[in-house]
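> Let me begin by handing over the structure; questions about it come next.
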Amino acid sequence: MRFGWRAISGPVLTAATLLLAMLFDRVIPMPSPAPLLVGIVALAGVLSGLASAVTTAAIAVIGATLFLLSRHGVSPSFADLVQLGLLAITAAGTAGITGLMRERLLGTFAAERRSHATAARLSAALDQVDIGIVLLDAETRAEFINRAFRDYFGLPDEIADGKPPFIALMYHGRDTGAFELPEDELGTFIAQRMEMVRTGDATPINIALRTGEVLRFVCAALPDGGRMLSYTPVTDLVRHTDAPASADYYRSLRDPAGRGLIRYLRVAE
């Protein structure tokens, strides 16, 4: 037990209460201070924990005994003994309950602080990587969007921090022209991505952006029903030694549905 104002407040208040009760009892008959002493024991447990509460309870029982002896002499009645016994049981129980509850609450608060600190460090670390990361809850609302995703899709912070649903992120990419797709294919593309997220389909999908970058999209199902979406840049899969005129061809090979390759062959014809 650390000695501070919290630790000594319970014993000091108990001793002061008993001394005042004995002093006034000589002038005006005072009722038993037992209820007040039990309240002080509870206060000590809340302020400083189990050790202070137990010390306060011991002082309360000893002081109450002296109070009764000063009133009735060395031969207390049976009713006085019963009152002392009840005070001892109640004070001990109150000390144990409040002290243990305080330790448990402090442990919970400490665990929450550690959890928040870990989450903050993880969030800062994910903001340093070039892989776009989006964490969705069970209702597909974005609980976390890292810096890379915001940069790839031009997502303002005020929207990202507002926990938007995944469908809103897809519509934002459509409205800003982020996807390198014809307008008549955007609706099907968005519907397919929504279905993948809904079912937790982990099949990798390459997404071409207007900026020339290509991101590999992967959806991972989480145990709590949420989803983790990753957007890994794979633009460098187009070899730098290849002819620049063939870049569209190599990008089309990464289209799992083959639509890009078909469009390329039609143009080449």
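> Can you find a residue in the stretch 58-66 that is among the aliphatic types (A, V, I, L, M), surrounded by fewer than 17 Cβ atoms within 10 Å (Cβ to Cβ) and modelled with pLDDT under 85?
Taking every residue of the stretch 58-66 in turn, at least one turns out to be among the aliphatic types (A, V, I, L, M), surrounded by fewer than 17 Cβ atoms within 10 Å (Cβ to Cβ) and modelled with pLDDT under 85.
> Something else: Go through the stretch 232-242 and give me each residue that's hydroxyl-bearing (Ser, Thr, Tyr) and either part of a loop (DSSP other than H, G, I, E, B) or at pLDDT 95 or above (or both). Full working, then the answer.
Taking the stretch 232-242 and keeping what is hydroxyl-bearing (Ser, Thr, Tyr), we get 232, 235, 241.
Thr241, the sole residue that qualifies.
> When Arg150 is evaluated against the numbered criteria (1) in contact with a Gly (Cβ under 9 Å, 6 or more places away or on another chain); (2) within 23 Å of Ala191 (Cβ to Cβ); (3) not β-branched (Val, Ile, Thr), which criterion, by number, is the only one it fails?
With respect to (1) in contact with a Gly (Cβ under 9 Å, 6 or more places away or on another chain); (2) within 23 Å of Ala191 (Cβ to Cβ); (3) not β-branched (Val, Ile, Thr), Arg150 is out only on (2).
> Mind telling me which of the residues Ala148, Ala202 ends up being among the small types (Gly, Ala, Ser), open to solvent by 40 Å² or more (accessible area, probe 1.4 Å) and more than 21 Å from the chain's Cα centre (by Cα)?
After applying the criteria, what remains is Ala202.
> Sort out which residues of the stretch 1-33 are farther than 18 Å from Thr65 by Cβ and of a type in the set (S, T, N, Q), and write them in order of number.
Ser9, the sole residue that qualifies.
> Taking the options Leu181, Leu155, name whichever one is touching a His at 6+ places or on another chain (Cβ under 7 Å) and not small (Gly, Ala, Ser).
Result of the check over Leu181, Leu155: Leu155.
> Right, here's the next one. Quick check on my filter: what residues within the stretch 167-199 are open to solvent by less than 60 Å² (accessible area, probe 1.4 Å) and part of a loop (DSSP other than H, G, I, E, B)?
The answer is Gly177, Ala178, Leu181, Pro182.
> Mind listing whichever residues of the stretch 72-85 are at pLDDT below 85 and in a helix (DSSP H, G or I)?
The answer is His72, Phe78, Ala79, Asp80, Leu81, Val82, Gln83, Leu84.
> Also, I was wondering about something else. Could you please tell me which pairs satisfy a Cβ distance under 7 Å, a separation of 6+ or placement on different chains, a first residue in the stretch 195-223 that is more than 24 Å from Arg141 (Cβ to Cβ) and polar (S, T, N, Q), and a second residue that is in a loop (DSSP other than H, G, I, E, B) and open to solvent by 60 Å² or more (accessible area, probe 1.4 Å)?
The qualifying pairs are Asn206/Pro256.
> Conditions first: (1) among the aromatic types (Phe, Trp, Tyr); (2) in contact with a Lys or Arg (Cβ under 9 Å, 6 or more places away or on another chain); (3) exposed (fewer than 13 other Cβ atoms within 10 Å of the Cβ). Phe109 passes all but one, so which condition is the exception?
Single failed check for Phe109: (2).
> Can you tell me which of (1) surrounded by fewer than 18 Cβ atoms within 10 Å (Cβ to Cβ); (2) within 20 Å of Pro35 (Cβ to Cβ); (3) at pLDDT 75 or above is the one Glu103 doesn't meet?
Only one criterion is unmet by Glu103, namely (2).
> Same structure, new question: Please specify each residue of the stretch 1-56 satisfying the condition of being open to solvent by 60 Å² or more (accessible area, probe 1.4 Å), in a helix (DSSP H, G or I) and among the charged types (D, E, K, R).
Once the filter is applied, which keeps residues that are open to solvent by 60 Å² or more (accessible area, probe 1.4 Å), in a helix (DSSP H, G or I) and among the charged types (D, E, K, R), the stretch 1-56 yields only Arg6.
The values are calculated or read from the model by the stated rules, or taken from the named source; none is laboratory data. Being a predicted model, the structure only gives us computed values, none of them experimental. Note that we place each Cβ from the backbone using ideal geometry, even for glycine, and neighbour counts take in every protein chain shown. Heavy atoms of the whole protein, side chains included, go into the accessibility calculation; ligands, DNA and RNA do not. Shrake-Rupley method; radii C 1.70, N 1.55, O 1.52, S 1.80 Å.
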